[in-house]
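In what follows, a single structure is set out as structure tokens and then discussed.
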Amino acid sequence: MRLALFDLDNTLLGGDSDHAWGDWLCARGILDGATYKARNDAFYQDYLAGRLNITDYLNFTLDIFGRTEMAQLDAWHREFMAECIEPIILPKGLALLDRHRAAGDKLVIITATNRFVTAPIAARLGVDTLLATECEMVDGRYTGRTTDVPCFKEGKVTRLNRWMQENGFTLDGSTFYSDSMNDLPLLEQVSYPVAVDPDPKLMAEAEDRNWPIMSLR
């Protein structure tokens with residue numbers, strides 16, 4: 001069975017779920033809008049520029065998880081899904097998933113965004129296997145810290161290699177769809193790298209390497 005790997009934010013989604021989650025918390029008055037949004041926006045610009053310090057970012061974004069009961073977090077996420085995620089699910093993205101599903105491929109979403117935010121989104125997209133940045137849990141609630149290798153840049157390769165070893169898959173015949181230059185380490189590993197609505201740096205890289213470029217917008 002061939003692997004069909006998909007980045008999530010700005011690939012299958014017409015936006016960034018991690019950034020949107022922070023904006024949603026600010027809009028609801030759960031977090032201080034002025035200070036949080038400014039830092040969140042700055043981190044996002046660092047991500048787009050390929051200079052994000054993933055440890056600093058995770059310490060910042062996961063803090064709210066450690067201060068909030070699970071029931072409240074889950075209730076917030078249900079509202080967030082309806083208000084922010086449903087409108088940015090791309091029909092062409094769903095169709096692409098369906099094509100690979102019909103071809104008998106194994107679908108995997110692999111994302112730097114944390115599992116709390118992305119697990120319900122992967123379920124909504126009908127993708128059973130999600131590799132995401134992990135949130136530490138102790139006694140049934142989040143600590144506000146991350147655990148394991150962040151699923152970011154080279155960390156995506158590390159996490160995928162481990163998952164493949166555990167589940168008996170290889171990258172033979174594999175495809176990976178991504179919008180971001182941050183995913184270059186994994187794009188270089190697969191059989192068929194595809195740039196999807198790519199950022200300027202990935203666009204230039206894809207053109208230089210003659211990789212397919214497509215839009216799901």
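The values are calculated or read from the model by the stated rules, or taken from the named source; none is laboratory data. Note that the structure is a prediction, hence the values are computed from the model and not measured. Using ideal geometry, Cβ is built from the backbone for each residue, glycine included, and neighbour counts are taken over all protein chains shown. These accessible areas exclude ligands, DNA and RNA; they are computed on the full protein's heavy atoms, side chains included. Shrake-Rupley method; radii C 1.70, N 1.55, O 1.52, S 1.80 Å.
Spread over its residues, the convex hull of the C-alpha atoms of the stretch 178-217 is 57 Å³ per residue. Within the same chain, lysines fewer than 8 places from LYS153 are excluded, and of the rest, those with a Cα less than 17 Å from its Cα are LYS201. Based on alpha carbons, the Rg and Dmax found for the stretch 1-41 are 14.3, 48 Å. Rolling a 1.4 Å probe over the protein heavy atoms gives the stretch 158-217 an accessible area of 50 Å² per residue. Straight-line cross-link reach from LYS106 at under 18 Å between alpha-carbon atoms covers these lysines, not counting any fewer than eight positions away in the same chain: LYS156. Placing unit charges on the Cβ atoms only, positive for Lys and Arg and negative for Asp and Glu, gives the stretch 132-191 a dipole magnitude near 120 debye about its Cα centre.
Peptides 159-169, 129-139 ranked from most to least packed, by the mean per-residue count of other Cβ atoms within 10 Å: 129-139, 159-169.
The alpha-carbon atoms of the stretch 80-137 define a convex hull whose volume equals 82 cubic angstrom per residue.
Run the numbers on the chain and let me know its relative contact order in percent, using alpha-carbon pairs under 8 Å that are six or more apart.
Worked out over the chain, it gives 26 percent.
For the stretch 129-217, the fraction of alpha-carbon pairs lying more than 23 Å apart is 34 percent, rounded to a whole number.
Put the Cα centre of the stretch 188-217 next to the Cα centre of the stretch 1-55 and the gap is 21 Å. Values of log10 I(q)/I(0) for the stretch 30-129 across q = 0.13, 0.21, 0.23 Å⁻¹ run -0.62, -1.27, -1.34, by the Debye formula with one identical scatterer at each alpha carbon and no solvent.
Within the stretch 49-136, report the trypsin sites (Lys or Arg not before Pro) that DSSP leaves as loop and that have at most 14 other Cβ atoms within 10 Å. Here the sparse-neighbourhood loop sites are ARG51, ARG67.
Dipole magnitude for the chain: computed about the Cα centre from +1 point charges on Lys and Arg Cβ and -1 point charges on Asp and Glu Cβ, it is near 300 debye. Could you estimate the translational diffusion coefficient of the stretch 36-82 from the Stokes-Einstein equation, with Rh from the Kirkwood formula over C-alpha pairs, at 4 °C and 1.567 mPa s, in whole µm²/s? Estimated via Stokes-Einstein, D reaches 107 µm²/s.
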